[in-house]
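Worksheet for the structure shown next.
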Amino acid sequence: MKLINSNFETVILQPTPENNNTSSEQILGTWYDTWAFKRTVTITKDGDNYYMKEVYSDGSSQTITLGVKIVGGETRLFDIVNAYGDYMVIKSDGSLAFYDNQGFIYEIKP
């Protein structure tokens, strides 16, 4: 997995026996967002559940449980607590795109 550290350097994380778990968790992607916030966003899937972990430049973080809707064959992910019509789509090129009821907002590259 690649992350961007606070010095804007790419860091490659390698699995090790002590942090390699046996759950069904899959990392769907990691993105560094400089558009709205300086944060690293990682979306994972564990069974039928989706999660988004946000790590901000000040070191604070939060993990959000995501809901899923399939609309026209597109998988839309949204915050189940604060979903005001906003949703995300992981695009075929690996980008994470953000939308609201009015359409496209922005996207971040992997």
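Structure values in brief
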quantity: Cβ-placed point charges (K, R +1; D, E -1), dipole of region 25-110 about Cα centre in debye, nearest 20; calculated: 100
quantity: Chymotrypsin sites (Phe, Trp or Tyr not before Pro) within region 52-108, DSSP loop, no more than 12 other Cβ atoms inside 10 Å; calculated: 84
quantity: Approximate shape of region 61-110 as ellipsoid semi-axes (Cα gyration tensor, √5λ), whole Å, largest first; calculated: 16, 14, 12
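Read the figures in this text as sums done on the coordinates, not as results from a lab. This is a predicted model, so every value here is computed, not measured. Glycine also receives a Cβ, built like all others from the backbone with ideal geometry; neighbour counts cover every protein chain displayed.
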